[in-house]
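Peer 1: My structure is below; once you've seen it, I'll send some questions.
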Amino acid sequence: MTQIEKSLSLDGQGKPLWLVLELTYRCPLKCSWCSNPLDFEDYGKRELSTEEWKKVLRDGRELGALQLGFTGGEPLLRDDLEELVAYADGIGFYTNLITSGIGLTEERLLALKAAGLKHIQLSVQAMKSEMTDALVGARAHALKMEAAELIKKHNFPMVLNVPLFRQNIGEIDSLLSWATKLGIEYIEFANIQYYNWALMNREELMPSLAQVREAERVVNEWRGRLGNSMTIYFVIPDYYEGRPKACMNGWGAIHLTIAPDGVAMPCQEARVIPGLEFETVRDKSLSWIWHDSPLFRKYRGLDWLPEPCNSCSEKGTRFRRLSLPGFPADRRCQQHRPGLQQVAVASSDY
C-alpha cells in the first residue's frame, strides 16, 4: 500500500487529478500580494521548452491527471500556449486558462478556442479603474473588462477570481452586479492568505474584522437573490478564526504543480518552506516524483508534527491536508496558544 493510500484519498485513488503548469513567472503586473519570484529573467532562461512541457503533459496523463490549468505568471506571454493547449486537448485533458486577461485579444482567444481550450479563469480586482490599476501596478482595468466581455462573447465557461484585501473588499456588491449582467457562472472571492509578498505587505493589505463580516453579509445576500444561477464562493480568511481551515484539499493527493523550471511541487507555495528538497522533471520522472519522492511523501504524512500537536486527538482533522513541514505547528493551532492571532501559512487557491 502506498503512502497516498494510507493517508489521503479524496478520492483520486492516488492520482494527481488536477495538474497545474506554471508556464512562466513573467507577468505584466506588479501585484503586492503575488507569490511569484522577482528574478523573472533568470527563471526565463530556465523555462521548460515546448517539447519538455509536452512530455510533462504525456507523463501527467499516464499518471491519471484529467484537469489541466495553464497559469503563471501570465501564461499568455508564452508564444507556444496555443500549441500546448492543442496538444493537451488531443491527449484528453480538460483545459483551463488562468489569466490576468492582459494580452487576451479576440484573435488570440479564437486561436485558443480552435486549439481546444475549454475554460477560462480571469482575475479581476475591482470595478473602479483607478483602484484596479493602482493595485496591480499597471493600466490594466480596461483590458480586464475587455477580456471578460470577449470570454463571454465566445461562450467560454468562466470563473471570475477576485483576491480580497482591505482596499477592494467593499467592491463585492458592484462586482457581483456586473458579473450577473455579463452572465458569469462562477465567482470566487478569495481572501488572500499571508505568505510571500502578501506577508511582507500584510499591514497594508489586511482588512478589519468588520470589513470581513460585512463582505460575508453581502455575499450571502447575493446568494439568496441569485439562487443557482451563479455559484459564489467566499474563501474564509484564517486570520480572524479561532482555528484555521484546511489548506486547499488535495495537496500531494490530487494536486500537482510544475514550476517554469520543471520543479514539481505538491503545493504552489511549497518553495517558501525551509528545509525541503525539490526534484525537477528534467532529472527525475514525474511518476517517481509523485509516488516516491521524499518531498511528496512528507507532504502526505503527519509524522513531522512536534509535540503537543503530534499526540493531539484532533490532529487527523485539524492537520489533514494542511500539513506544511518546516513550519511550527502552533502557528496554525490556537489550542495551545489561545492568545495568538491566527496568521495563515497555508495556501488557498491564489
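Peer 1: Could you look through the stretch 252-264, keep only residues that are under 16 Å from Ser285 (Cβ atoms) and in contact (Cβ under 8 Å) with a residue 24 or more places away in the chain, and pick out the one that is surrounded by the most Cβ atoms within 10 Å (Cβ to Cβ)?
Peer 2: Leu256
Peer 1: Under the condition of being under 12 Å from Met265 (Cα atoms) and hydroxyl-bearing (Ser, Thr, Tyr), which residue from the stretch 275-304 is modelled with the highest pLDDT?
Peer 2: Thr280
Peer 1: Next up: Got at least one residue in the stretch 158-171 being among the small types (Gly, Ala, Ser) and either assigned to a loop (DSSP other than H, G, I, E, B) or in contact with a helix residue (DSSP H, G or I) (Cβ under 6 Å, 6 or more places away or on another chain) (or both)?
Peer 2: No; the residues of the stretch 158-171 include none that is among the small types (Gly, Ala, Ser) and either assigned to a loop (DSSP other than H, G, I, E, B) or in contact with a helix residue (DSSP H, G or I) (Cβ under 6 Å, 6 or more places away or on another chain) (or both).
Peer 1: Quick one: is Ala140 modelled with pLDDT of 95 or more, crowded, with 17+ Cβ neighbours inside 10 Å and farther than 14 Å from Gly101 by Cα?
Peer 2: no
Peer 1: Out of the residues in the stretch 270-281 meeting the condition of being of a type outside the set (Val, Ile, Thr) and either in contact with a helix residue (DSSP H, G or I) (Cβ under 7 Å, 6 or more places away or on another chain) or under 19 Å from Lys15 (Cβ atoms) (or both), tell me which one is surrounded by the fewest Cβ atoms within 10 Å (Cβ to Cβ).
Peer 2: Checked the stretch 270-281; the qualifying residue surrounded by the fewest Cβ atoms within 10 Å (Cβ to Cβ) is Glu277.
Peer 1: Hey, could you check the stretch 308-320 for residues that are assigned to a loop (DSSP other than H, G, I, E, B) and exposed (fewer than 14 other Cβ atoms within 10 Å of the Cβ) and say which is modelled with the highest pLDDT?
Peer 2: Pro308
Peer 1: Follow-up. Please tell me if Ser323 is polar (S, T, N, Q), surrounded by 15 or more Cβ atoms within 10 Å (Cβ to Cβ) and modelled with pLDDT under 80.
Peer 2: The answer is yes for Ser323.
Peer 1: Based on what the data block shows, is Leu305 in contact with a Leu (Cβ under 7 Å, 6 or more places away or on another chain) and either open to solvent by less than 60 Å² (accessible area, probe 1.4 Å) or part of a loop (DSSP other than H, G, I, E, B) (or both)?
Peer 2: Spelling it out, it is not the case that Leu305 is in contact with a Leu (Cβ under 7 Å, 6 or more places away or on another chain) and either open to solvent by less than 60 Å² (accessible area, probe 1.4 Å) or part of a loop (DSSP other than H, G, I, E, B) (or both).
Peer 1: Then there is this: Given (1) modelled with pLDDT of 95 or more; (2) more than 30 Å from Trp290 (Cβ to Cβ); (3) under 22 Å from the mean Cα position of the chain (by Cα); (4) of a type outside the set (A, V, I, L, M), where does Arg202 come up short, assuming only one miss?
Peer 2: Every listed condition holds for Arg202 apart from (1).
Peer 1: Scan the stretch 250-258 and tell me whether some residue there is modelled with pLDDT of 90 or more and over 25 Å from Ile187 (Cα atoms).
Peer 2: Yes, the stretch 250-258 contains at least one residue that is modelled with pLDDT of 90 or more and over 25 Å from Ile187 (Cα atoms).
Peer 1: Among the residues of the stretch 180-196, are any within 20 Å of Ala134 (Cα to Cα), open to solvent by less than 10 Å² (accessible area, probe 1.4 Å), of a type outside the set (D, E, K, R) and at pLDDT 95 or above?
Peer 2: Yes: one or more hits.
Peer 1: Can I ask one more? Quick one: in the stretch 1-47, which of the residues that are within 22 Å of Gln67 (Cα to Cα) and open to solvent by 40 Å² or more (accessible area, probe 1.4 Å) is modelled with the lowest pLDDT?
Peer 2: Glu5
Peer 1: Regarding the stretch 104-112, can at least one residue be identified that is part of a helix (DSSP H, G or I) and among the polar types (S, T, N, Q)?
Peer 2: No, every residue in the stretch 104-112 fails to be part of a helix (DSSP H, G or I) and among the polar types (S, T, N, Q).
The values are calculated or read from the model by the stated rules, or taken from the named source; none is laboratory data. Remember, predicted model here, so these are calculated numbers, not experimental data. FYI the Cβ positions are ideal-geometry reconstructions off the backbone, even for glycines, and counts take in every protein chain you see. Heavy atoms of the whole protein, side chains included, go into the accessibility calculation; ligands, DNA and RNA do not. Shrake-Rupley method; radii C 1.70, N 1.55, O 1.52, S 1.80 Å.
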